[in-house]
Amino acid sequence: MWNTIGKSLWLKSNCLSHQNQVASDSVHRGNLALEQLSCNACLEENKACKCDQSFESCKRVSAVDERHAEANNSFTHSVINMTGMLIGLGQLSTPYALETGGWSSAFLVIGLGVICAYCSHILGKCLDKNPKSRSYTDIGQQAFGTKGKLIAATLIYMEIFMALVSYTISLHDNLNTVFSGTQFKVSWAKLSKSQLLTLMAVLVALPSLWLRDLSSISFLSFGGLLMSLAIFTSVACTGIFGGVKANHTIPALRLHNIPAISGLYIFSYAGHIVFPNLYKAMKDPSKFTKVSIVSFTLVTILYAALAFMGAKLFGPQVNPQITLSMPPHLIVTKIALWATVLTPMTKYALEFAPIAIQLEHNLPHSMSSRTKLFIRGTVGSVLLLVILALALSVPYFEYVLSLTGSLVSIGICVIFPCAFYLKICWGQISRPLLLLNFTLIAFGLLLGVVGTISSSKLLIKNLKRAHSG
């Protein structure tokens, strides 16, 4: 159900024309969700396949494609894909999180990296127990039945929606910086320049939601990985060539800020909903644990290095989005800003794909394809405009991102993988491992609750301040 990671199209199903690739971002974790939903639904419900093939033909294609998918990716390719999935929107806020929480919070970054790598490992163990499971929601169903699948799917869609709100806020903030010296106003529109620019950018991206075959634009998602590398390189160049001295002192620990920034850190590691697909795409799935260790190690090093560089360069003035702290006259800054602006515009259609496919699946089979496309495009357009309205109404990137991490990502990355593993593999788990997994569930719940409360309070506080002002 969840498919096509990174640079590869892992399952080239003849039963579905959607072939989307995603190289990075949480927000972006959802666009792999339901690529084979139409055909899977045909197989599960024994109905006529909408792709105009017979049931047996669809079944044979699905089986053949699954075998091909399981023999495609080498160890190196899998590491690149997993690393690309993890590095994304969250890295923009790591310098701010380190400055806000103190340099000791780097241990939280490392600890969460270790925990999330372990949770990736146990998802692989769950897949070992049932080779028919191919996705995160399949594991949820295997563990807790229909309720488990429903809860997993709900969290996934929540993460897609909330991450897209964060993307749009980032688009708004970076567009405002890119066009800081430009006068732009429409007399009849009661919107600021930055709001008008964001509206225009979203309207430009809107037609992509009406595309049924996303393969023509799926290559654009690889830009997310390039953006991440551009940001890291530009921050480093700012310190080396940009005339900004890394002479700020980072506080040791600000304990009262840890709950608020914990969501930022956990969001940076949110990629677990696609890891089952990555596992299935490996030539040798027994190396999946090593892939997880290498990938999370690389990502943790990058996050820690970027966090310390940004905090040392900009100190207390560091912006929640590191691109907005960089000197605007530098070429590397302009590259990073434009990369941050263009990425959300290429992501909207890919991120909406799971919702769109699910919507089409629920429509009557007797309905014409043109009518389905109209309904799909209309619903997608309305949702995107709702996301735009929320982003412009709540333009607080760090708090929305932190809330997403604490409310949703902690469950996807830590709580539910441990719960799935305990339920599926209970009889084979040693007592120390039982204790470890129960401890991680308790830790995840604690971090999620305090983080959600803290980020919600800060968000409400800033909203009240904005309205009162």
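The values are calculated or read from the model by the stated rules, or taken from the named source; none is laboratory data. These figures come from a predicted structure and were not determined experimentally. Here the Cβ positions follow ideal geometry from the backbone for every residue, glycine too, while neighbour counts run over all protein chains shown. Remember, those area values only see protein heavy atoms, side chains included, never the ligands or the DNA or RNA. Shrake-Rupley method; radii C 1.70, N 1.55, O 1.52, S 1.80 Å.
Please list, in order along region 167-180, the HN-Hα scalar couplings obtained from phi with the Karplus expression 6.51 cos²θ - 1.76 cosθ + 1.60 (θ = phi - 60°), rounded to whole Hz, x for Gly and Pro.
Values per residue, Gly and Pro as x: 4, 5, 4, 4, 4, 4, 5, 6, 4, 4, 6, 4, 9, 4 Hz.
What are the ³J(HN,Hα) couplings of region 137-143, residue after residue, when phi is run through the Karplus curve with 6.51, -1.76, 1.60 and θ = phi - 60°? Round to Hz, x for glycine and proline.
After applying 6.51 cos²θ - 1.76 cosθ + 1.60, I find 5, 4, 5, x, 5, 4, 7 Hz.
Amide H of S268: which non-local residues (sequence gap of 5 or more, or other chain) have their own amide H closer than 5 Å, using H built in the peptide plane?
It is none; the list stays empty.
What net charge is computed for the residues neighbouring T100, neighbours being all others with C-beta under 12 Å from the C-beta of T100, Lys and Arg scored +1, Asp and Glu -1? Walk me through the numbers on the way to the answer.
On the way: positive: R254; negative: E99, E398.
Net of charged neighbours comes to -1.
Taking the Cα centre of region 70-468 as the origin and placing charges on Cβ (Lys, Arg +1; Asp, Glu -1), which of Q358, I87, T198 is farthest toward the positive end of the dipole?
Farthest towards the positive end: Q358.
From the phi of every residue in region 441-451, what ³J(HN,Hα) in whole Hz does the Karplus formula 6.51 cos²θ - 1.76 cosθ + 1.60 yield, where θ is phi - 60° and glycine or proline is x?
Per-residue couplings from phi come out as 5, 5, 5, x, 5, 4, 5, x, 5, 5, x Hz.
Per-residue counts of other Cβ atoms within 10 Å, averaged by peptide: what ranking do you get for 310-318, 78-86, 365-373, highest first?
By packing density, highest mean first, the sequence is 78-86, 310-318, 365-373.
Tally up the carbon and sulfur contribution to the accessible surface of region 70-468 as a whole percent, 1.4 Å probe, everything protein left in place.
69 percent
Here is the link list: K132/K423; K149/K287; K190/K464; K129/K280; K334/K457. Which ones come out longer than 25 Å on Cα distance?
From K132/K423; K149/K287; K190/K464; K129/K280; K334/K457, over 25 Å: K149/K287; K334/K457.
Mind ordering 404-417, 138-151 by average Cβ neighbours within 10 Å, highest first? If you can, show how the numbers build up before the last one.
Working: 404-417: 27.0, 138-151: 18.1.
Those peptides, ordered most packed to least, come out 404-417, 138-151.
Is the shape of region 70-468 best called rounded, prolate or oblate, per the rule: a/c under 1.5 gives rounded, else a/b larger than b/c gives prolate, else oblate, with a ≥ b ≥ c the square roots of the Cα gyration tensor eigenvalues? If you can, show how the numbers build up before the last one.
On the way: a/c = 1.62, a/b = 1.15, b/c = 1.41.
Judged from the Cα gyration tensor, region 70-468 comes out oblate (a/c at least 1.5, b/c at or above a/b).
Suppose the chain between W426 and T154 were pulled fully straight at 0.36 nm per residue; how much longer would it get relative to their current alpha carbon spacing?
Separation in residues times 0.36 nm, less the Cα-Cα distance, equals 95.4 nm.
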